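Right, one structure below, let's go through it.
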Amino acid sequence: MKKALGIVLLSIVALFMAYYAFIYYVTFSEGTRSGELIKISNKGVIVKTWEGEISQGISGAQIFSFSVLDKDEDVINKMQEYQGQYVKVNYVERYSTFFWLGDTKYFVTKVTPERSPHFRN
């Protein structure tokens, strides 16, 4: 009986580890988006995650919401510096997420300042 219980528990742990590895390492898509960085915040009660938004147009319907992993401190610092400016972000989209990683399936990996197309010379 103990051996069977041990095998069942070990199988459950192995399945969870495989699921976590799939969610964390396998990406659904990669890409870039640009727009005005309107929000970057560290939110949460028990687990704090970095969440942000980019406005990609005039209306509020064109908002790109994203998360940033805690390990990407350079990206977080740059986003705080570029707040309110036009930026281009590189991101990966995952199949799903866990609450301790972020609220969205989109995770920004790089941010660079960009010239706004609204103010051409």
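The values are calculated or read from the model by the stated rules, or taken from the named source; none is laboratory data. A quick note: this is a predicted structure, and the numbers were derived from the prediction, not measured. Virtual Cβ from ideal backbone geometry, glycine too; neighbours counted across all protein chains shown. Surface accessibility is based on the protein's heavy atoms, side chains included, excluding ligands, DNA and RNA. Shrake-Rupley method; radii C 1.70, N 1.55, O 1.52, S 1.80 Å.
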So, with a 1.4 angstrom probe, what is the percent of accessible area on segment 1-51 that is carbon and sulfur?
-> 70
Looking only at 46, 23, 54, which one moves most when the chain is put into a Gaussian network model with springs between Cα atoms under 10 Å?
-> 46
What size of dipole, in debye to the nearest 20, comes out for the chain about its Cα centre when the only charges are +1 on Lys and Arg C-beta atoms and -1 on Asp and Glu C-beta atoms?
-> 300
Computed lengthening from residue 80 to residue 65, 0.36 nm per intervening residue step minus Cα-Cα distance = 3.8 nm
Selection from 18, 67, 77 lying farthest towards where the dipole of the chain points positive, charges on Cβ = 18
What FRET efficiency comes out for the pair residue 8/residue 112, r = Cβ-Cβ distance, R0 = 35 Å, nearest 0.05?
-> 0.10
Exactly which trypsin sites (Lys or Arg not before Pro) in segment 29-121 are in a DSSP loop and have at most 16 other Cβ atoms within 10 Å?
-> 48, 71, 115, 120
Sequence order, segment 43-53: Karplus ³J(HN,Hα) from phi using 6.51 cos²θ - 1.76 cosθ + 1.60, θ = phi - 60°, Hz rounded, Gly and Pro as x, gives 10, x, 9, 8, 10, 8, 10, 8, 10, x, 9
With each label point set 7 Å from Cα along the Cα-Cβ vector, what nm distance links residue 17 and residue 39?
-> 3.8
Which whole-number percent is the relative contact order of the chain (Cα, under 8 Å, 6+ apart)?
-> 27
